[in-house]
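K.L.:
Have a look at this one.
No value in this document is a laboratory result; all are computed from the given coordinates. Since the structure is predicted, the reported quantities are computational estimates derived from the model, not experimental observations. Using ideal geometry, Cβ is built from the backbone for each residue, glycine included, and neighbour counts are taken over all protein chains shown.
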Amino acid sequence: MSGNTPTREEAFELFKKYNRSESLIKHALAVEGVMRYFARKYNEDEETWGIVGLVHDLDYEQFPDQHCTKSQQILEENNWPEEYIRAVVSHGWGLCSDVKPETIMEKVLYAIDELTGLVVTTALVRPSKSVMDMKAKSVKKKWKDKRFSAGVDRSIIEKGAVMMDVEIPELITDTIMGMREVAEEIGLKGE
């Protein structure tokens, strides 16, 4: 593995250099939490997975029309490891990138990126405004309503689940569990 392995602190500083939006920062923290959860589940390196999740949308606020491409450039300029760069670029597969998710880390990132958005919007319409008491069936119910959180591309989540060889309810449950670990930081701890 070439490049310098970044610390979480360095990764977060780099992310905040390019992103000021509170919603994007919360999304980055949510994806990081879920990636860390899945890394433990699959006995993979939690730090690597977390950092990749944290910076996956590095270029989104400033360069939305060059999403993934600009991230690759920024990470290369910062001498990041190839494995991290490839994972970040692969989450845009079929949308803004030709890099297909191959490793389990890449597949998980691809599957959960959009799903965290659906979990957030589902949590926000609950009386508790929290992920702490949320179950997969709540998200599944909202999933069927195409007008609810219409910006979430459910087909990407479905493709990701197939790549990971998991059922959607299990993917949702694990995503909720990962988001519970960062509920405070992402404003979904409730009362």
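K.L.:
May I ask you to sort 125, 88, 120 by Cβ crowding, counting other Cβ atoms within 10 Å and putting the fewest first?
P.N.:
So the residues, fewest neighbours to most, are 125, 120, 88.
K.L.:
Of 137/159; 129/159; 41/70; 141/189; 26/135, which sit over 25 Å apart, Cα to Cα?
P.N.:
In this structure, 129/159; 41/70 lie more than 25 Å apart at Cα.
K.L.:
If the chain between residue 5 and residue 142 were fully stretched, how many nm would it gain, using 0.36 nm times the residue separation less the Cα-Cα distance?
P.N.:
So the extension gain works out to 45.4 nm.
K.L.:
Based on the alpha carbon coordinates of the range 65-115, what radius of gyration and maximum Cα-Cα distance (Dmax) apply, in Å?
P.N.:
10.4, 30
K.L.:
Right, another one. Could the peptides 67-74, 51-58 be put in order, highest first, of the mean number of other beta-carbon atoms found within 10 Å of their residues?
P.N.:
51-58, 67-74
K.L.:
Further, regarding this structure: Please tell me the relative contact order of the chain in percent, rounded to the nearest whole number, where contacts are Cα pairs under 8 Å and at least six residues apart.
P.N.:
With pairs under 8 Å counted, the relative contact order is 24 percent.
K.L.:
Stretch residue 132-residue 177 to full length: gain in nm at 0.36 nm per residue minus the Cα-Cα span?
P.N.:
15.4 nm
K.L.:
Tell me, Kirkwood radius of the range 8-180 from alpha-carbon pair distances, in Å?
P.N.:
16.0 Å
K.L.:
Looking at the range 1-92, which chymotrypsin sites (Phe, Trp or Tyr not before Pro) are in a loop (DSSP not H, G, I, E or B) and have at most 15 other Cβ atoms within 10 Å?
P.N.:
Those that pass, being in a loop and sparsely packed, are 42.
K.L.:
What value, in deg cm²/dmol to 500, does the helix sum -39500 (n - 2.57) over DSSP H runs of n ≥ 4 give at 222 nm once divided by the residues of the chain?
P.N.:
So the calculated ellipticity at 222 nm is -18500 deg cm²/dmol.
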